[in-house]
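Working notes, beginning with the structure itself.
The values are calculated or read from the model by the stated rules, or taken from the named source; none is laboratory data. What you are looking at is a predicted structure, and each value in this text was computed from that prediction instead of being measured. Here the Cβ positions follow ideal geometry from the backbone for every residue, glycine too, while neighbour counts run over all protein chains shown.
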Amino acid sequence: MVIKRKKRNGRIYLEEYKSIRVDGKVKSVYVRSLGPEEPVLPSKPKPRTLDRLEHERAHRAGATSLLWELASQLGFVNIIDEICCGEPNIEGPTPGKLLTAWAINRVLDPMSNTMLENWIPTTDLPRLMGLEIADLTRNSFLTAMDFVCYDDKTVGQIRDFTQAIDDALYQQWRKMHPLKPGETETVAYDLTSVLFFGISCSLAEFGYNAKHVKRFQVNLALLVSKLDKYPISHFVYNGSLTAYQPSGILSHNSKIQASNRELSSGTGEMCPENIWV
């Protein structure tokens, strides 16, 4: 047997031959190939270039997560649920969760309730709330509003928890950001016209507005702390109301405790009297 070396395509291959005698002459006859003289080293895989990136639907996370964390620190969900439902830490869709999500929408991308159910799934809010998309419908948000204010047929009167919620949220804020010793709460008051597009609100009336638009409107009154701009309380009045009524507003706010208060109107002018509650 003889091993011969043959070069093909720039590489050396080994082949086995045997010698035989034919007509008195010795000839070499090919038997088999023994492969390359040196083993082939494994080559590095060629880099792959993706011509298309497949991904799931992107969700808006940064701003929504930040505002949800802020609302959680202030206890929005539990405060609303405890006042409206009688207990906090409720599983599933609750008024606190739905109204907090709605408030976040008003900060980031205000839209009508009709469009709200389409906006929520584009954000990280369902995950933060621990809810399914099916729980976040238009009717779900409207039902959450009904927990805050509704007509109680059993007693024949309107149940309105708006002020109780405002009070509790304010107390939580002041617990986290207390006034300095001896400091009193100075309150700024403003009344703003809000154009109304519905037809079933008894408060909607024609009245003065900055745009001079002849359309039904309601008036939104807001009390804000001059110290840190925290919105203490809000009220909705009939659209024809034109005069500021700060004394009446303060009189039924338990959060403004019995102490000397200085009140500023929306124009920045100081009221001459001190308000006692």
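Some points to look at:
- Complete set of residues in the range 120-150 that are among the hydroxyl-bearing types (Ser, Thr, Tyr) and in a helix (DSSP H, G or I): 122, 140, 143
- Count - residues of the range 122-157 that are surrounded by 13 or more Cβ atoms within 10 Å (Cβ to Cβ), more than 16 Å from residue 97 (Cα to Cα) and of a type outside the set (Phe, Trp, Tyr): 1
One line per residue, one yes/no per condition, for (1) more than 27 Å from residue 75 (Cβ to Cβ); (2) more than 27 Å from the chain's Cα centre (by Cα); (3) at pLDDT below 85:
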position	(1), (2), (3)
168	no, no, no
186	no, yes, no
203	yes, yes, yes
210	yes, yes, yes
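- Whether a residue is loosely packed, with under 12 Cβ neighbours inside 10 Å and either modelled with pLDDT of 75 or more or within 30 Å of residue 9 (Cα to Cα) (or both) was assessed, and residue 42 passes this test.
- Flag if residue 91 is surrounded by fewer than 20 Cβ atoms within 10 Å (Cβ to Cβ), acidic (Asp, Glu) and not in a helix (DSSP H, G or I): yes
- Total residues in the range 158-204, condition part of a loop (DSSP other than H, G, I, E, B) and surrounded by 11 or more Cβ atoms within 10 Å (Cβ to Cβ): 10
- Cβ-Cβ under 6 Å pairs, at least 6 apart or on other chains, the range 156-176 side touching a residue at least 24 places away in the same chain (Cβ under 8 Å), far side surrounded by 14 or more Cβ atoms within 10 Å (Cβ to Cβ) and not aliphatic (A, V, I, L, M): 161/84; 166/233; 167/255; 170/255; 172/75; 173/230
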